[in-house]
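Right, one structure below, let's go through it.
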Amino acid sequence: MTFAQRTIACGAVRPDNIDQEIVVNGWVNRVREHGGIIFIDLRDRTGIVQVVADGAHSQGALEVASSLKNEYCLAVIGRVRKRPEGTDNANLPTGEVEIISSTIEVLNASKPLPFQVHDDKSVDELLRLKYRYLDLRRPAMYQKMKLRSDVIRRMREYMYDHNFVEVETPIITKATPEGARDYLVPYRLEPGLFYALPQAPQQFKQLLMVGGMERYFQIARCFRDEAQRADRQPEFTQLDIEMSYVTQDDVLGVIEGCITDIVENLSTKPLKFKPFARLTYDEAMDRFGSDKPDLRYDLELKDCAEIFKGTEFTVFQSVLGSGGSVKAIRYPGGGAILSRKDIDDLTLLAKEFGAKGMAYLLIQDEGVKSPIAKFMTAEEIANVVAFTEAVPGDLVAFIADKKDVTNKVLDRLRREFASRLGLDKGNEMAYVWITDFPVFDWDEDAKGWTYAHNPFSMPHEDHIPLLESNPSVCRAYCYDLVCNGIESASGSIRIHKRDIQERVLRMIGMDDEHIQRQFGHMLDAFDYGAPPHGGMAPGVDRLIMQLTDDENIREVIAFPKAGNGYDPLMDAPSKVDDKQLRELHLEIKYPPKKDEK
């Protein structure tokens with residue numbers, strides 16, 4: 001088809017274009033009629049320009065304009081002129097000028113809209129997802145997609161500038177245990193065989209290092225069948241990198257440089273730490289109770305074991321005697337602003353996350369007020385106040401329990417305190433490296449060891465002899481990048497020797513036959529001079545989400561899934577016909593209904 005094609009974008013029209021005849025294409029954002037003259041706000045992705053349809057200039061343009069509705073798609077031919085005195089719109093970059101139209105061509109009409117797209121008013125999310133193609137016309141959504149494009153472009157340029165080679169890895173591959181459920185793809189040619197969609201290109205990136213690529217990157221699509229959260233989607237995008245002949249600091253340096261470049265050039269948000277802060281896993285757990293601490297604020301946990309090592313307070317005495325921990329956290333101003341009900345609510349929150357209760361001290365000018373003060377000596381109270389740096393008006397909360405429970409509960413209380421005080425609303429990007437994760441975690445349900453971070457991480461050299469004899473002390477060259485309490489990237493220096501990899505896999509419960517079936521291809525590759533290598537993978541979606549201050553990852557993905565993995569736009573997942581099932585040698589067996597045995 002032929003139509004009048006734009007000579008300039010709507011948002012680019014300026015006073016320099018006055019008296020020029022131009023063509024603009026776009027959507028009707030709004031129509032207004034004033035005394036026989038019709039004003040059209042025409043919108044494309046660059047912005048809005050005002051079009052005037054005046055019968056004194058073009059009767060044909062006025063007739064077409066009188067039939068227009070929101071979101072009609074137009075081509076407009078006209079001449080640029082200065083707006084009449086007093087009608088400028090300082091809120092628009094194009095607000096000094098307008099187009100007096102000679103021709104208006106309707107390229108396509110629009111039905112009444114399920115919601116308006118010319119503003120960013122709140123709309124039910126499922127409705128937005130069902131009509132995502134309309135939602136994407138909203139200026140705010142376009143800006144997010146443009147930012148996403150700019151971030152990915154800058155990632156690629158940074159990688160090319162640092163001698164990385166972009167390599168695509170397979171989307172249908174082998175199912176391997178990597179922490180989440182796989183999405184499976186039936187193999188039509190042989191019943192019972194399946195491909196899997198990659199949870200990450202983990203094994204391929206390592207094999208590329210064996211293959212001599214040395215510096216690989218990819219903007220990788222990943223797929224994980226796991227519970228949905230605000231920062232999680234079943235399919236997501238990451239910047240995947242791997243490097244040969246490197247140490248942990250080399251990998252961290254590349255990623256830190258890339259993220260710094262993006263934040264400083266594409267965001268108005270300042271970096272709180274430059275260079276990024278660093279904590280070991282053990283330091284993070286000890287000081288913040290979490291391996292994903294939000295460092296926009298302090299509120300550190302204080303280990304009070306030394307203060308209470310000889311205490312007569314039986315609760316603390318019992319916990320410390322059984323190898324547990326007693327930790328405290330200061331709530332600035334909490335003693336002055338919290339009611340008894342507020343404190344009871346915080347206690348319930350602590351119990352919700354596994355604590356038996358929450359002890360506390362209210363610090364006042366005249367002394368300390370607390371139900372537990374009578375069980376503590378004056379010296380213990382004074383030492384707690386000094387150690388936590390509490391001042392009159394503060395509350396000091398204690399959790400006494402097993403170490404993991406204490407950390408888990410205080411992490412949750414720390415975030416609650418920060419939320420109530422508004423400390424988690426800071427505009428800074430507080431990046432922190434968390435390093436040296438444990439190699440193994442004890443799985444109480446399975447009564448055995450599992451991997452703490454990923455099963456491919458190289459243990460510290462001095463811990464390799466202890467893998468079987470003292471697994472709990474073993475630490476690995478593992479690292480996460482955390483920003484404002486959210487994991488932004490994850491990686492490790494990899495195991496590149498067959499014997500070490502086999503030992504780690506045996507420790508997490510795999511026998512030799514299972515190891516060979518699941519990982520034989522990679523272990524065989526290690527026998528052919530595999531170099532030392534490591535890498536990581538920053539999440540693109542989470543980075544954009546933080547740059548745009550969105551609380552849900554769906555806001556920064558063009559076509560996301562709803563909370564349960566459902567796609568309202570495509571009505572997916574959906575049933576397939578019997579012919580397709582027969583071709584794939586599949587039969588659907590539905591679970592019995594609740595009222596059936």
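In the condition set (1) open to solvent by 30 Å² or more (accessible area, probe 1.4 Å); (2) on the phi > 0 side of the Ramachandran plot, Gly333 is compliant with all but (1).
Quick check on Glu264: is it closer than 17 Å to Tyr477 by Cα, open to solvent by 40 Å² or more (accessible area, probe 1.4 Å) and without any contact (Cβ under 8 Å) to a residue 40 or more places away in the chain? No. For segment 492-518, taking the residues that are open to solvent by 50 Å² or more (accessible area, probe 1.4 Å), of a type in the set (D, E, K, R) and not in a helix (DSSP H, G or I), the one that is nearest to Asp480 (Cα to Cα) is identified as Lys497.
Search segment 519-561 for residues being open to solvent by 10 Å² or more (accessible area, probe 1.4 Å) and of a type in the set (Phe, Trp, Tyr), and hand back the single one that is nearest to Lys425 (Cα to Cα). Across segment 519-561, the extreme among qualifying residues is Phe559. When each of Phe308, Phe316 is tested for being closer than 20 Å to Ile381 by Cβ, open to solvent by less than 60 Å² (accessible area, probe 1.4 Å) and over 39 Å from the mean Cα position of the chain (by Cα), the lone residue that passes is Phe308.
The strands (runs of 3 or more DSSP E) found entirely in segment 315-397 that carry 3 or more residues being touching a residue at least 12 places away in the same chain (Cβ under 8 Å) and closer than 19 Å to Leu299 by Cβ are 325-331, 359-364. It is to be established whether one or more residues within segment 13-23 are on the phi > 0 side of the Ramachandran plot and either open to solvent by less than 50 Å² (accessible area, probe 1.4 Å) or in contact (Cβ under 8 Å) with a residue 12 or more places away in the chain (or both). Taking every residue of segment 13-23 in turn, at least one turns out to be on the phi > 0 side of the Ramachandran plot and either open to solvent by less than 50 Å² (accessible area, probe 1.4 Å) or in contact (Cβ under 8 Å) with a residue 12 or more places away in the chain (or both). Among the conditions (1) open to solvent by less than 70 Å² (accessible area, probe 1.4 Å); (2) over 19 Å from Thr7 (Cα atoms); (3) of a type in the set (A, V, I, L, M), Ala56 misses just one, which is (1). Give the residues of segment 371-413 that are surrounded by fewer than 20 Cβ atoms within 10 Å (Cβ to Cβ) and under 19 Å from Ser339 (Cα atoms), sorted by residue number. Within segment 371-413, Pro371, Ile372, Ala373, Val391, Pro392, Gly393 qualify. Are any residues in segment 87-122 under 25 Å from Met141 (Cβ atoms), charged (D, E, K, R) and in contact with a helix residue (DSSP H, G or I) (Cβ under 8 Å, 6 or more places away or on another chain), and if so, which ones? Matches in segment 87-122: Asp120 only.
I need a count of the residues in segment 2-15 that are within 17 Å of Asn89 (Cα to Cα) and either over 37 Å from the mean Cα position of the chain (by Cα) or assigned to a loop (DSSP other than H, G, I, E, B) (or both). Total satisfying the criteria: 3.
Filter segment 452-474 for residues that are in contact with a Phe, Trp or Tyr (Cβ under 7 Å, 6 or more places away or on another chain) and more than 23 Å from Ile515 (Cβ to Cβ) and give the result. Hits for segment 452-474: nothing passes. Close Cβ contacts (under 6 Å, 6 or more residues apart or on different chains) running from residues in segment 511-530 that are in contact (Cβ under 8 Å) with a residue 60 or more places away in the chain to residues that are outside any helix (DSSP H, G or I) and open to solvent by less than 60 Å² (accessible area, probe 1.4 Å) comprise Gln518/Thr176; Ala530/His496. Let me confirm something: among Asp436, Asp441, which residue is at positive phi, out of contact with any Gly (no Cβ under 8 Å at 6 or more places or on another chain) and surrounded by 14 or more Cβ atoms within 10 Å (Cβ to Cβ)? Of Asp436, Asp441, the one residue that is at positive phi, out of contact with any Gly (no Cβ under 8 Å at 6 or more places or on another chain) and surrounded by 14 or more Cβ atoms within 10 Å (Cβ to Cβ) is Asp436. If only residues of segment 267-278 that are of a type in the set (A, V, I, L, M, F, W, C) and part of a loop (DSSP other than H, G, I, E, B) are counted, the one that is surrounded by the most Cβ atoms within 10 Å (Cβ to Cβ) is Phe276. Being touching a residue at least 40 places away in the same chain (Cβ under 8 Å), under 29 Å from Leu92 (Cα atoms) and surrounded by fewer than 19 Cβ atoms within 10 Å (Cβ to Cβ) is true for just one of Asp119, Asp150, Asp124. Which residue is that? The conditions single out Asp150.
Can Ala525 be described as under 18 Å from Glu242 (Cβ atoms) and in a helix (DSSP H, G or I)? For Ala525, the condition - under 18 Å from Glu242 (Cβ atoms) and in a helix (DSSP H, G or I) - is met.
Against the criterion of being farther than 30 Å from Val385 by Cα, within 25 Å of the chain's Cα centre (by Cα) and either part of a loop (DSSP other than H, G, I, E, B) or without any contact (Cβ under 8 Å) to a residue 40 or more places away in the chain (or both), Asp441 qualifies.
Quick check, is Tyr245 farther than 20 Å from Met458 by Cα, open to solvent by 10 Å² or more (accessible area, probe 1.4 Å) and among the hydroxyl-bearing types (Ser, Thr, Tyr)? For Tyr245, the condition - farther than 20 Å from Met458 by Cα, open to solvent by 10 Å² or more (accessible area, probe 1.4 Å) and among the hydroxyl-bearing types (Ser, Thr, Tyr) - is not met. For segment 213-247, the set of residues classified as of a type in the set (Gly, Ala, Ser) and touching a residue at least 12 places away in the same chain (Cβ under 8 Å) consists of Ala220, Ala230, Ser244, listed by residue number.
The values are calculated or read from the model by the stated rules, or taken from the named source; none is laboratory data. For clarity, every value in this text was computed on a predicted model and none was experimentally measured. Quick reminder, even Gly has a Cβ in these numbers, built from the backbone with ideal geometry, and neighbours come from all protein chains shown. What goes into the accessible areas is simple: the full protein's heavy atoms, side chains included, and nothing from ligands, DNA or RNA. Shrake-Rupley method; radii C 1.70, N 1.55, O 1.52, S 1.80 Å.
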